[in-house]
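Student: Mind looking over this structure? Questions follow.
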Amino acid sequence: MTALNDLVRPDRYPRSSRYDPAWLVGLDIGPNPLWLLEDLVRDLDLRPGMRVLDLGSGKGATSVFLAREFGVDVVAADWWIPAEDAAAVFAEAGVGDRVAAVRAEAHALPFEAESFDAIVSIDAFEYFGTADGRKILARTAHTESNRSVRVTPWFDLAAVDHSAVDHNVFPSHTSQNLLRRAWTSYVETHGGSDTARSERAVMLQQYLRNIAADRVATHSDGGTFDFIQLRVVTLPVAAPGAAGNRPPAPTEDRLLPWWKVTPHGK
């Protein structure tokens, strides 16, 4: 565990170092958010009176920092931290008049367009900026002793990841991001083709295959399988209040080849 005095770095983070490390640890649910924010604001022209959205504000340390250090009016929006809990932090820190706590989901924010002069998001984007409309589906196949092939229905791997972090005050970066990052890396090395043309591409194909196989084996009924196939379907995220009940057309529907795996299951 990081020692409290390690959080005081006046040489590199002079603003952050003025904050009580124990206070910060009590509010922190990830990497030091004030260090991340102090690095970011060097590239921002924040001035007193500006209205800033702190998106994914967590327990409120970054919102307190923005209000105190720059005199801006902050809207602290978070989905997992109750607004009343965050408001208590702001009141205790003496910025309750400049920071408003709002419970809001990032894809359905209750704000008008151009409501803010700046939007910041510290160590939070990976939780809501990951194409919630993307489904990574998997199905498996096994050749029976009579040579017939048993193919399972499609299983939504992305839904398993989302369910692991929904309403979780301390969501796991691994649970949320492992599959998504494996897919992103696969696309980066393969493009629109599923043929691996480099050692790195082969490695990332195997990585994606193994993650998918392990996830299916963990949540399956115990049936053995020897092959796995992935299908990636991406739907656009509808704008808040979008009219109509017709489901949006997929922007991507990609079927990957069958991959041989080490036999899984019982």
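Student: Just checking, does the stretch 52-67 include any residue being open to solvent by 50 Å² or more (accessible area, probe 1.4 Å), out of contact with any helix residue (DSSP H, G or I) (no Cβ under 9 Å at 6 or more places or on another chain) and at pLDDT 95 or above?
Tutor: Within the stretch 52-67 (the criterion being open to solvent by 50 Å² or more (accessible area, probe 1.4 Å), out of contact with any helix residue (DSSP H, G or I) (no Cβ under 9 Å at 6 or more places or on another chain) and at pLDDT 95 or above), the answer is no, since none of the residues qualifies.
Student: Name the single residue that is modelled with the highest pLDDT among those in the stretch 120-164 being surrounded by 15 or more Cβ atoms within 10 Å (Cβ to Cβ), more than 12 Å from V216 (Cα to Cα) and among the basic types (K, R).
Tutor: Residue satisfying both the conditions and the ranking: K135.
Student: Here's something else I'd like to know. When the residues of the stretch 193-209 are narrowed to those that are closer than 18 Å to T262 by Cβ and surrounded by fewer than 17 Cβ atoms within 10 Å (Cβ to Cβ), which ends up nearest to the chain's Cα centre (by Cα)?
Tutor: Among them, the one singled out is Y207.
Student: Go over the candidates D39, D43 one by one and state the one that is assigned to a loop (DSSP other than H, G, I, E, B), of a type outside the set (G, A, S), open to solvent by 50 Å² or more (accessible area, probe 1.4 Å) and at pLDDT 90 or above.
Tutor: That would be D43, the only listed residue that is assigned to a loop (DSSP other than H, G, I, E, B), of a type outside the set (G, A, S), open to solvent by 50 Å² or more (accessible area, probe 1.4 Å) and at pLDDT 90 or above.
Student: Within the group H190, H264, H219, which residue is open to solvent by less than 70 Å² (accessible area, probe 1.4 Å) and at pLDDT below 85?
Tutor: Among H190, H264, H219, only H264 is open to solvent by less than 70 Å² (accessible area, probe 1.4 Å) and at pLDDT below 85.
Student: Restricting to the stretch 40-59, count the residues that are out of contact with any Gly (no Cβ under 9 Å at 6 or more places or on another chain) and in contact (Cβ under 8 Å) with a residue 24 or more places away in the chain. Quick ask: steps written out before the conclusion?
Tutor: From the stretch 40-59, those out of contact with any Gly (no Cβ under 9 Å at 6 or more places or on another chain) are 40-45, 51-53, 55-57; that's our starting set.
So of that shortlist, the ones also in contact (Cβ under 8 Å) with a residue 24 or more places away in the chain come out as 40-41, 44, 51-53, 55-57.
Within the stretch 40-59, residues that are out of contact with any Gly (no Cβ under 9 Å at 6 or more places or on another chain) and in contact (Cβ under 8 Å) with a residue 24 or more places away in the chain number 9.
Student: Please determine whether any residue of the stretch 86-108 is among the hydrophobic types (A, V, I, L, M, F, W, C), out of contact with any strand residue (DSSP E or B) (no Cβ under 7 Å at 6 or more places or on another chain), surrounded by 16 or more Cβ atoms within 10 Å (Cβ to Cβ) and modelled with pLDDT under 95. Quick ask: steps written out before the conclusion?
Tutor: Restricting attention to the stretch 86-108, the residues satisfying the condition of being among the hydrophobic types (A, V, I, L, M, F, W, C) are 86-91, 93, 95, 99-102, 104, 106, 108.
Going one step further and asking which of them are out of contact with any strand residue (DSSP E or B) (no Cβ under 7 Å at 6 or more places or on another chain), we end up with 88-89, 91, 93, 95, 108.
From what is left, the residues that are surrounded by 16 or more Cβ atoms within 10 Å (Cβ to Cβ) are 89, 93, 95.
After this cut, where a residue has to be modelled with pLDDT under 95 as well, the list is none.
No: the stretch 86-108 contains no residue that is among the hydrophobic types (A, V, I, L, M, F, W, C), out of contact with any strand residue (DSSP E or B) (no Cβ under 7 Å at 6 or more places or on another chain), surrounded by 16 or more Cβ atoms within 10 Å (Cβ to Cβ) and modelled with pLDDT under 95.
Student: Counting only residues that are surrounded by fewer than 17 Cβ atoms within 10 Å (Cβ to Cβ) and at pLDDT 95 or above, how many does the stretch 70-82 have?
Tutor: The total comes to 1.
The values are calculated or read from the model by the stated rules, or taken from the named source; none is laboratory data. Note that the structure is a prediction, hence the values are computed from the model and not measured. Methodologically, a virtual Cβ is constructed for each residue, glycine included, from the backbone with ideal geometry; neighbour enumeration extends over all protein chains shown. Ligands, DNA and RNA are excluded from the accessible area calculation, which covers all protein heavy atoms including side chains. Shrake-Rupley method; radii C 1.70, N 1.55, O 1.52, S 1.80 Å.
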